[in-house]
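Accompanying notes for the structure given below.
The values are calculated or read from the model by the stated rules, or taken from the named source; none is laboratory data. This structure is a prediction, so every number in the text was calculated from the model and none was measured. Please note: Cβ atoms are built from the backbone with ideal geometry, for glycine as well, and neighbour counts cover all protein chains shown.
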Amino acid sequence: MYFLYSLLLAVWGVLLLPFFLYRSWRRGRRLEGLAERFGRLPASLGPSDGGAVWFHSCSVGETLSLEPLVEALRARLPRARFLFSTVTPTGRQVAVDRFGAANVFYFPVDFAFVVRRVLERVRPSVIVIIDTEIWPNLLARARERGIPVVLVNGRISPASFPWYRRARPLLRHVLRNYEALLMQSGEDAGRILAMGAPRDRVRVTGNLKFDREAGGAPPAVSSDLREGFLAGPGPLIVAGSTHPGEEAQLLETLRRLRATPGCAGVRLLLAPRHPERFDEAARLAEDLGFSVRRRSRPEPGGAEVLLLDTLGELAAVYRHADVVFVGGTLVRRGGHSILEPAAFRRAIVVGPSMENFQSIADVFLAGGALCRIAAGEEDPELQRRQLLDVFLHLLQNAGERERMGAAAGAILERNRGAARSAAEAVAALFDHRARA
C-alpha cells in the first residue's frame, strides 16, 4: 500500500511541477524551501536535550490556532523545544513571527526516505498535526520509531467525507498510526470513526480557535491601525478572506450603500485571502471609481476602499469594524472562520457557503450571533440586494450590532477549553515517551 501511495505521489508531483513553476514565474518568486521540503534541514534543528515537540500546521489559520496550545504546553513542558512546520510560505511567515525563525521549517514531501531524514534530524518526542492532514509515510515511519503522533483540532468536512469513506479500506490502516485523534465536534468524531479510526483513540476536545480568539489582538498593533491606516470618518465594513468574485459583489454593494441617504460615508476594507490577489483587488476598486488606500503604502488622507495587503493584521482590523463580512461564502469555497470577529464582539455577515465551518455557523445562527444571506453565486443580483439589506439594517441599528456582538462573545466563552484538553493529552504522551 505504501509503495503504491509513494508512486502516485511521485506521479502527481511530476504532473503538477509545470504548474508550480509557472505560478512561481508569474509571482516573480523562486520555488521556496525546496531543500527543506526534501529533508535537508539546518543543523540548528537537531535534537534537544529536553526533547522536542514537532507541530505541523498547513497554512496561516492553522498556524495561528496553535498559539493557545503552545502556551499551555510551555507551562507543562518547560524544558522541551517546540518546532514548527508549514506547507505554505504565508503560513511559514506567520510561524516565524510567532515562534521564531530558528524553530520553523517547511513540511517534508511525504516520501519515506525524506521523512526518515527529517525524523533523524529533529528526533521529536511527539508529533502534533493540526486539523486533518493525513500523511501515510510520516505516520508509518514515526510509528516505527515509537514516536506518538496526535491529531489536534481534527475536522472532517461534509464535502470531503464521502471521498474519505470510499477509501476506508486503506485509511483504517493509516489511522491506526495515530496515538490520539482529538476532534473538534461529535460530528467530526463520528466521521473519522466511519473512516476506520480506532474507537479508543478518538476524543472530542473542541476547537482550538475558540481559545485563541478569546484573547484578542495586541493593543499596540490595534492602536497603530486605528490612528493610521483605519483613520477616517464614516462606518467601516471589513470584508476578510475574500475570494475572486466576492470583491466585485461587495464593491457594487458599497456603491449602492453610499447612494442611500445617511450612508454616504460608509467605507469598505478588503482583505483578500491570497496575497497574490492584492493588486487585482486594488485595480478592481479603482476601475469602479473608488479611491483606494493600501496598508503597505503610507499614503495620507482617507479613502472609500481600504486594502489590507499585509499578513497577520486581520484580527486587529476586525476590532475596529462596525460590521464584518467573512469571505469564501458568497462563492463556493466553504467559508472561513468567524471566530476572530466574534472575539471582538462584532456583528458578522456571511454568504450561503459555510460548509467548512458548518457546526460553528449552526451554533452562531442558533444563538442569534450571525447573519447569513441565502442567495448563491448563481444569482449575483439577488446576492447584492440581500447584502445591501443586511448591511443597511446593521449600520442603521447600533443596538442590533451590539446584541449580535454580545451573543458572539458569549458563545466563544462557553466553548473554551480545547487547548487545555489537547495540552494534557500531548504532555502525557511526551512524558511517557521520555520514560520509555
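Descriptive notes on the structure:
- Residues located in region 338-363, provided they are part of a helix (DSSP H, G or I), in contact (Cβ under 8 Å) with a residue 60 or more places away in the chain and in contact with a His (Cβ under 9 Å, 6 or more places away or on another chain): 356
- Within the option set 144, 179, being in the same structural domain as residue 57 (by TED's automatic domain parsing), surrounded by fewer than 20 Cβ atoms within 10 Å (Cβ to Cβ) and among the acidic types (Asp, Glu) holds for one residue only, 144.
- Subset of region 86-112 that is among the hydrophobic types (A, V, I, L, M, F, W, C) and in contact (Cβ under 8 Å) with a residue 60 or more places away in the chain - its residue that is nearest to residue 7 (Cα to Cα): 111
- Tabulated pairs, region 55-78, first over 20 Å from residue 336 (Cβ atoms), second basic (Lys, Arg), C-beta under 8 angstrom, 6+ apart or interchain: 72/420
- Tallying residues that are at pLDDT below 95 and touching an Asp or Glu at 6+ places or on another chain (Cβ under 8 Å) within region 390-418 yields 4.
- Just one of the listed residues (369, 374, 343) is touching an Asp or Glu at 6+ places or on another chain (Cβ under 8 Å) and small (Gly, Ala, Ser), and it is 343.
- Scope region 68-88; condition surrounded by fewer than 17 Cβ atoms within 10 Å (Cβ to Cβ) and not hydrophobic (A, V, I, L, M, F, W, C); matching residues: 71, 74, 76, 78, 79
- Looking at 120, 144, 133, just one residue is touching a strand residue (DSSP E or B) at 6+ places or on another chain (Cβ under 9 Å) and among the charged types (D, E, K, R), and that residue is 133.
- Members of region 190-214 found to be touching a residue at least 12 places away in the same chain (Cβ under 8 Å), in contact with a strand residue (DSSP E or B) (Cβ under 9 Å, 6 or more places away or on another chain) and not in a loop (DSSP other than H, G, I, E, B), listed by number: 191, 192, 201, 202, 203, 204, 208, 209
- Among the conditions (1) at pLDDT 95 or above; (2) buried (at least 19 other Cβ atoms within 10 Å of the Cβ), the only one that residue 91 does not satisfy is (1).
- Pick from region 299-318, criterion without any contact (Cβ under 8 Å) to a residue 24 or more places away in the chain and more than 24 Å from residue 345 (Cα to Cα), ranking: surrounded by the most Cβ atoms within 10 Å (Cβ to Cβ): 299
- Residue that is of a type in the set (Ser, Thr, Tyr) and surrounded by fewer than 21 Cβ atoms within 10 Å (Cβ to Cβ), where the choices are 329, 253, 260, 242: 260
- Residues of region 364-387 satisfying the condition of being crowded, with 17+ Cβ neighbours inside 10 Å and either assigned to a helix (DSSP H, G or I) or over 27 Å from the mean Cα position of the chain (by Cα) (or both): 364, 383, 384, 386, 387
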